[in-house]
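Take a look at the structure below.
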There are 2 protein chains.
Amino acid sequence: MIDSPELLKIVTNNQTKIIMVVIDGLGGLRDPKTGKSELEAAYLPNLDLLAQDSACGLSIPVSVGVTPGSGPGHLALFGYDPLKYLIGRGALEALGVDGVDFIDGDIVARGNFCTVDKSGILIDRRAKRISSDFASALCERLNTVKIDSVDIAVYPVKEHRFVLRIRGQNLSAELSESDPQKIDVCINEVKPLAANSENTAVIVNEFVRKAHELLAEEETANMILLRGFSGMPSLPSMGEAYKLKPVAIAGYPMYRGLASIMGMQVINTGSTFDNQLDSLKANYNTNDFFFLHYKAADTAGEDGNFLEKIQALEYLDTYISKLRSLEPDVLMIVGDHSTPAIMAGHSWHPVPFALESKWTQSNGVKAFDEYHCSRGTVGTFFAKNIMALALAHAGRLVKFGA
Amino acid sequence: MIDSPELLKIVTNNQTKIIMVVIDGLGGLRDPKTGKSELEAAYLPNLDLLAQDSACGLSIPVSVGVTPGSGPGHLALFGYDPLKYLIGRGALEALGVDGVDFIDGDIVARGNFCTVDKSGILIDRRAKRISSDFASALCERLNTVKIDSVDIAVYPVKEHRFVLRIRGQNLSAELSESDPQKIDVCINEVKPLAANSENTAVIVNEFVRKAHELLAEEETANMILLRGFSGMPSLPSMGEAYKLKPVAIAGYPMYRGLASIMGMQVINTGSTFDNQLDSLKANYNTNDFFFLHYKAADTAGEDGNFLEKIQALEYLDTYISKLRSLEPDVLMIVGDHSTPAIMAGHSWHPVPFALESKWTQSNGVKAFDEYHCSRGTVGTFFAKNIMALALAHAGRLVKFGA
């Protein structure tokens with residue numbers, strides 16, 4: 001709803017509190033062997049109880065049939081149409097690495113160490129997936145590159161991947177990629193895609209040339225590839241748009257970064273859900289919207305580990321009564337997308353949704369799973385409408401029209 | 001669908017008849033004490049029977065989470081996207097008062113009698129809610145105001161509220177409001193918000209000045225406030241768009257007014273549902289679309305009177321078999337929005353929907369209430385699509401594409 005001036009006009013402020021628990025990769029699919037999805041197979045007494053009192057449904061993250069990455073999946077949950085608000089891949093990568101110094105005006109890109117032959121032909125786009133330790137050492141070497149007028153930083157990510165950050169005046173991310181996305185060809189020169197990006201293209205190409213000099217003696221990682229050039233995304237602030245004081249309580253850097261660009265205050269928190277709950281309590285009085293991110297379900301799903309995903313869900317379930325005991329005006333259990341263990345990856349399937357409040361139109365949904373949520377009163381709907389539901393149930397939307 | 005040229009192209013005319021019964025404020029919420037909503041608690045044998053043979057669902061009036069006023073709630077039922085077709089508050093007020101002479105080209109506004117102190121500071125926005133009788137006398141006094149080149153009329157509404165109507169050449173409603181919406185401040189001068197509204201602003205400010213002169217000796221109602229300036233809304237005619245001869249059979253002026261601006265013929269009818277049924281029968285042969293408006297459920301809901309809302313629903317239920325005995329090709333029971341008695345006001349919750357016809361995909365929904373309708377074949381859907389469903393089931397939409 002963040003791009004609807006008509007709807008933002010009816011937002012009002014009050015003293016209510018909204019908790020949104022995002023279970024990353026929440027939705028799943030039935031294992032053909034047992035006929036049960038992860039949610040159906042898990043023992044979730046607290047989530048099931050919550051579902052009975054909740055308005056339930058299934059949320060479509062981006063568009064029917066569309067499998068979202070983490071960026072679009074999360075944007076939708078906070079009312080940003082993910083087909084309209086696009087976050088560059090470089091920015092998402094930079095936001096996802098702890099400690100990347102990335103501010104407005106910078107340009108970032110995803111980098112690979114790669115292998116070229118003597119004539120410069122690309123023969124391995126991932127340099128045999130060199131170890132993370134070795135890549136860190138190479139990044140330190142690249143950090144010695146000096147180019148007039150800009151400040152350059154290179155951050156290791158994992159194995160052959162790194163983030164390049166360039167800081168300076170009048171930079172533009174409107175650049176073609178150096179990564180040809182296939183082997184046995186030359187690496188592309190980076191070209192300006194807009195009039196004001198010519199200077200940035202010169203800088204990037206100079207960096208690539210100097211990097212190659214510094215890596216030339218290496219056996220495999222003797223060159224770099226760059227793609228996904230992007231600046232800091234500029235999004236409307238959800239705090240301002242919805243008249244909220246939102247905080248993000250997330251353990252993983254990418255979600256903290258995403259929350260930050262949506263205008264949320266990002267809380268320093270530990271890596272367990274216990275830590276996150278403590279952070280929630282510590283900030284409960286001074287704020288009114290709380291985004292709690294729970295990663296373990298997605299991780300297990302991505303690994304194709306059905307049992308581990310069940311356990312991740314069961315672990316989260318033990319926290320539900322603690323969340324309810326805070327008596328927020330609105331408590332929502334949502335997911336950014338499905339990650340069915342049998343697919344070992346994100347998927348497009350609609351995601352179970354539950355919203356509890358004093359004004360909930362509940363219909364006794366018997367269990368919090370894909371099957372039962374599909375019969376809830378909210379129906380199958382778009383995730384970008386979740387914030388409007390939250391605000392409405394919190395009494396934060398006045399009547400539209402007379 | 002009225003703004004989709006592609007869909008309007010497939011509308012065809014035939015001899016079928018469509019009855020739409022709008023139960024104002026139809027949807028409700030469960031009373032925490034009993035666990036039942038108004039519809040669940042009411043004895044509705046005829047509506048329940050109808051639901052079994054109907055395509056049932058829940059309709060979202062405007063947008064997920066959005067609580068509609070009466071205007072947007074009704075526009076959606078007739079296929080007008082209420083986020084696109086906006087009706088000014090002044091126009092809705094004017095349409096809602098019997099006998100207001102309001103035509104295309106006029107400007108109307110909502111007025112309050114109010115109280116100012118000697119230095120012009122607003123001290124009571126509602127003039128102690130003076131009686132309707134006294135306000136009528138004051139309106140007569142204001143009707144003596146003469147301003148060159150325009151014709152002015154003031155109509156009492158209820159207590160301190162009135163409607164101002166200005167008729168003349170080249171008027172524009174693009175005006176700021178004189179009502180500051182708070183006390184202890186001066187009343188605002190009305191300012192033009194567009195180049196062509198300067199003249200209208202001069203006229204309105206002169207009216208305010210002259211009204212103050214006429215009211216100056218009053219103890220409380222010694223001044224007026226104006227807001228919601230609007231002209232006559234201009235909407236596409238639903239009769240033309242859908243190739244129908246639609247009639248509105250409604251007891252309350254506002255719904256008659258709304259029907260009129262949608263291009264429906266408005267039938268003079270009495271104030272009971274018996275009268276409305278008689279009017280339906282009298283006009284049945286010569287028309288093909290019938291909008292029957294039933295107000296009592298909303299009134300009881302707004303009053304927070306759970307029992308009275310049950311009774312209002314039970315009363316309407318006794319008419320269902322009479323409506324079915326007319327054997328319309330399509331009979332629909334719909335609501336413009338929910339008005340849960342426990343909220344004592346309009347709400348955003350999806351509204352029960354039932355459509356009976358020869359071509360209905362029914363699934364034996366056991367009762368006409370929020371819970372059972374959520375499991376109907378139509379699912380949870382947007383009210384602006386109801387007209388397309390009606391036309392389709394009446395055989396009035398031909399195949400789209402080859």
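Counting every alpha-carbon pair across the range B:192-295, the share separated by more than 21 Å comes to 56%.
Peptide B:56-68: average number of partner chain Cβ atoms within 10 Å per residue? List each step's numbers first, then the result.
Details: counts 0, 1, 4, 0, 4, 1, 5, 8, 14, 16, 15, 7, 4.
Whole-number average of other-chain Cβ neighbours for B:56-68 is 6.
Solvent-free Debye calculation, one equal scatterer per alpha-carbon of the range A:4-134: log10 I(q)/I(0) at 0.15, 0.18, 0.19 Å⁻¹ equals -1.11, -1.25, -1.28. Here, chain B is characterised by an Rg to Rh ratio of 1.02, where Rg is the alpha-carbon radius of gyration and Rh the Kirkwood radius. Sorted from shortest to longest, the distances between the residue B:318 label points of this copy and the other copies are 6.0 nm, with each point 7 Å from Cα along the line through the beta carbon. Put a dot 7 Å past the Cα of residue A:101, heading toward its Cβ, do the same for residue B:118, and the two dots end up 6.8 nm apart. The residues A:298, B:124, when put in order of fewest to most other Cβ atoms within 10 Å, stand as B:124, A:298. Take residue B:167, move 7 Å from Cα toward the beta carbon, and the resulting point lies 7.0 nm from the same point in each other copy, nearest first. In loop segments of the range B:294-402 as defined by DSSP, the chymotrypsin sites (Phe, Trp or Tyr not before Pro) with at most 16 further C-beta atoms inside 10 Å of their C-beta are B:359, B:400.
The distance separating the Cα centre of the range A:26-84 from that of the range B:317-354 comes to 32 Å. Stokes-Einstein diffusion for the protein assembly as shown, with the hydrodynamic radius set to the Kirkwood value over Cα pairs and evaluated at 20 °C in a medium of 1.002 mPa s, equals 72 µm²/s. Across chain A, the relative contact order, built from alpha-carbon pairs under 8 Å that are at least six residues apart, equals 34 percent.
Compute the relative contact order of the range B:100-231 as a whole-number percentage, counting only Cα pairs closer than 8 Å that sit 6 or more residues apart in sequence. Write out the running numbers ahead of the final one.
On the way: 279 pairs, mean separation 46.4, N = 132.
That works out to 35 percent.
All other residues whose Cβ lies under 13 angstrom from that of residue A:298 are scored, Lys and Arg at +1 and Asp and Glu at -1, for a net of -4.
Looking at the range B:35-124, which trypsin sites (Lys or Arg not before Pro) are in a loop (DSSP not H, G, I, E or B) and have at most 13 other Cβ atoms within 10 Å?
Values: sites: B:36, B:84, B:89, B:110, B:118; in loops: B:84, B:118.
Loop-located and lightly packed - B:84, B:118.
Using 0.36 nm per residue and subtracting the Cα-Cα separation, the extra length available between residue A:144 and residue A:260 on full extension is 38.8 nm. Look at the stretch A:361-372: the mean tally of other chain Cβ atoms within 10 Å of its residues' Cβ atoms is 3. For the pair residue A:278 and residue B:326, a Förster radius of 60 Å applied to the C-beta separation gives a FRET efficiency near 0.35, rounded to the nearest 0.05. Loop exposure criterion: GluC sites (Glu not before Pro), DSSP state outside H, G, I, E and B, at most 13 other Cβ atoms within 10 Å. Applied to chain A, the longest stretch between such sites is A:1-188.
Computing FRET efficiency as 1/(1 + (r/R0)^6) for residue B:206 and residue B:167, where r is the C-beta to C-beta distance and R0 is 22 Å, gives about 0.90. For the residues of A:385-394, the average number of beta carbons from a partner chain within 10 Å of their own beta carbon is 3.
Within the range B:209-296, count lysine pairs with alpha carbon atoms under 25 angstrom apart where the residues are 8 or more positions apart or belong to different chains. Show your work: numbers first, answer last.
Working: B:243/B:281; B:245/B:281; B:245/B:295; B:281/B:295.
Within the range B:209-296, the lysine pair count is 4.
Distance between the 7 Å Cα→Cβ label points at residue A:191 and residue B:195: 4.5 nm. Among residues other than residue A:46 with Cβ under 13 Å from its Cβ, the summed charge is -3 (Lys and Arg +1, Asp and Glu -1). Please check: in the Gaussian network model of chain A (C-alpha springs, under 10 Å), which one of A:248, A:127, A:76 has the largest mean-square fluctuation. Sorting by GNM fluctuation, first place goes to A:127.
Using a 7 Å projection from Cα along Cα-to-Cβ, the label point at residue B:151 is separated from the same position in the remaining copies by 7.3 nm, smallest value first.
Extent along the principal axes, Cα only, for the range A:92-231: 37, 31, 25 Å, with the longest axis given first.
Here, each number is a calculation from the coordinates, and none is a lab measurement. Since this is a predicted model, take the numbers as computed values, not measurements. No Cβ is skipped: glycine too gets one built from the backbone with ideal geometry, and neighbour counts run over all protein chains shown.
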